[in-house]
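Below is one structure, written out as structure tokens; comments come after it.
Every number here is computed from the coordinates shown, using simple stated rules; none is lab data. Not measured: the values here are computed from a predicted model. With ideal geometry, Cβ positions are generated from the backbone for all residues, glycine too; neighbour counts draw on all protein chains shown.
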Amino acid sequence: MKLALMINGGLRIEPESSLDWNVLRCIVYDAAPDNLASRLASVIDDPSGDWQEFVLPELEATFSRQLMQVREMIEHGAGRSAENKGTIEILPDQADLWYGALNQARLALEEQHRFGGNEPPPPTDSPERRSAFFRSQFYFEIQQVLISRVMKP
């Protein structure tokens, strides 16, 4: 998979195989089991209930929208080529939604697997856990590119 900066300030993702497309699809898969908005709500001291009534529904809608739009962009890119040579172009005004979806996926993976650092799990760990770690690191790298090169201050 290749990442390329675009002249318009965006980021182009160029998957080179069906495996690359599946890794990108995992963004939504990894984030979906996690209800980040509810987890955030559980740490807020809110005796009035305003957080639950006003903030939580908006957060849930935002997080859901991010995942839906990222999934649509991935499937649109994948559908453009039978040889898995399609691309995904993330424009600067789409960087926030990609960053958010990637963050949801990373937080869900961390919650589930408790990686606790940048060291990969030992080879004796399950293939599922090792795969989750490397996906989390990949998501982080895309986030870094988005922050440093695509998102506007």
note = Under 5 Å from the placed amide H of M6, counting only residues 5+ away or on other chains, we find L11, R12
remark   = For region 122-133, in residue order, the Karplus 3J(HN,Hα) values (coefficients 6.51, -1.76, 1.60; θ = phi - 60°; whole Hz; Gly and Pro = x) are x, x, 7, 5, 5, x, 4, 5, 5, 4, 4, 4
Distance between modelled label sites at E89 and T124, nm, 7 Å Cα→Cβ extension = 5.0 nm
